[in-house]
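Below: the structure, in structure tokens.
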Amino acid sequence: MATTLSDTKPSATRGAVILPWEKTAHDQDIRAAEARLEEAVGLAASIGLVIVRQAVLLVRAKRSSTLLGSGQVDSLKIAVQADKIDVLVVDARLTPGQQRNLEKEFGCKVIDRTGLILDIFGARAATKEGTLQVELAHLEYQRSRLVRLWTHLERQRGGFGFLGGPGETQIEADRRMIGDRIVRLKKELEQVRRTRGLHRQARKRVPFPVVALVGYTNAGKSTLFNALTGATVYAQDQLFATLDPTMRAITLPSGRRIILSDTVGFISDLPTELIAAFRATLEEVAEADIILHVRDIAHPDSAAQKKDVFGVLHDMARDNMIEDDWSSRMIEVMNKADLLGGPDAVPQTADTVAISAITGEGLPALLDVIDRRITSSMEEVRYCMALSDGAASAWLYQHGEVIGRDDGEENTTISVRLLAEDRARFESLFKHVAPLIA
């Protein structure tokens, strides 16, 4: 019998997503169970699972053995078998014992929220830094789950003769090998961070203001980045479409050049392993002159997503990874306004701007806001120099905003707005050019 292409095509991996939900009092900013479940389904679908069942399970009391109640486990076991589920995603943090017990009950692979996000990060990371960070996070996660990951852990090796003792168990050896690999990875990541630090120092010497994009995953950061820079950073309607930071230079309406940085998306309950492993990714935010908080304003859970982003930034400030005044450098970008009728339909304040990255509406206004914010932190100063001193005047035109010029027969007076660090650098490079006192 002839074999068709459809016969040889591998069958899709069938998945189910359940959300154990403790029914307690939540304030209005906390996402509803349905919205949280929808996010989990999106996460699972982004790694290629075909979701055939999803449900919210109310948990009155967490069981140490399975997290879920016995009745819930029994009914879920029947559903898993009936739907021929290959992978069950539990949108919660499972202990190694709970994960192992559920796999025995259901007869399929069970992963928790941490494992799911780690799988996504592993599939998305493209650069050397990203792959190192993902491997480190995986190893930190696996180290506590060796009992589940290996079947030979009860064996012992080492020790000989009657006085040699039982030797080293396999689990101890595997844990030691993972520990050694973690140490090596951390050293490699430190080298990556030092390299990134040198790049930042080089940019400061140029220097151009840095504007960093932050926001909840799938809020449209990469789409906005592409729209402003003309780049082709990977951007799809999926969670964690891009993980590795990307930087491009763009020119503002005033002619001033800035560096725009796209960063990894935030998410609620981000695994602690990833918070530590992706510290280098977030360092661009810490160094930024302006932080653009991109929000999916059309999402019903937009307020809760904002709270999650701010929570991570507050934690970074607490750990001295970012300045305490980070909020004063922030501009809120209300993206996807086209889904609500356009930017004019979205309420705005002095520190917010409504846009649609996909249609381009509101982008000129956003660039103007960035321009004004940078200008507000500038100092206005006048310099008198010889007309023949082209290097000094060119430097001012390149790094500042020239607002006036008065040329005489031999000298010229240039009025310019400069960032404080730019002024200090100019006066260090051109010591013969003194500022005029008003």
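Listed by chain and number, the aspartates and glutamates placed with their C-alpha closer than 16 angstrom to that of LYS109 are ASP83, ASP86, ASP91, ASP119; residues fewer than eight positions away on the same chain are left out.
A cut-off of 5 Å between modelled amide H atoms, ignoring neighbours fewer than 5 places along the same chain, links VAL210 with ILE259, ASP289, ILE290. Ordering THR349, THR13 by accessible surface, largest first, gives THR349, THR13; the 1.4 Å probe counts only protein heavy atoms, with every chain in place.
Here region 14-111 was treated as a single set of alpha-carbon atoms; its pair distances binned every 10 Å from 0 give 16, 50, 30, 5 percent. Annotation: amide H of ARG63 within the under-5 Å range of LEU68, sequence separation 5 or more or interchain, hydrogens built in the peptide plane.
Considering region 290-356 at the alpha-carbon level, its Rg and Dmax are found to be 13.0, 41 Å.
Which of the three applies to region 62-126, rounded, prolate or oblate, going by the alpha-carbon gyration tensor with a ≥ b ≥ c and a/c under 1.5 meaning rounded?
In terms of gyration-tensor shape, oblate.
Count Lys and Arg as plus one, Asp and Glu as minus one, and take only other residues whose Cβ is under 14 Å from that of ALA337; the net charge is then -3.
Note on ASP83 and GLU34: their simple-model spin labels are 1.8 nm apart, each label 7 Å out from Cα toward Cβ. Extents of region 378-436, largest first, come to 31, 21, 19 Å (Cα atoms, principal axes, whole angstrom).
Of the residues CYS384, CYS108, ranked by 1.4 Å probe accessible area with the largest first, the sequence reads CYS384, CYS108. Ranking ILE85, TRP21, LEU37 by how far each Cα lies toward the positive end of the dipole of region 14-111 (charges on Cβ) leaves ILE85 at the top. P(r) tail, region 338-392: Cα-Cα pairs separated by more than 17 Å, 56% of all pairs.
Neighbours of GLN54 by Cβ distance under 13 Å: Lys/Arg scored +1, Asp/Glu scored -1, total -2.
The values are calculated or read from the model by the stated rules, or taken from the named source; none is laboratory data. These figures come from a predicted structure and were not determined experimentally. Neighbour counts are summed over all protein chains in view; Cβ atoms, including those assigned to glycine, are modelled from backbone coordinates with ideal geometry. Heads up: the accessible areas ignore ligands, DNA and RNA and are worked out on the full protein's heavy atoms, side chains in. Shrake-Rupley method; radii C 1.70, N 1.55, O 1.52, S 1.80 Å.
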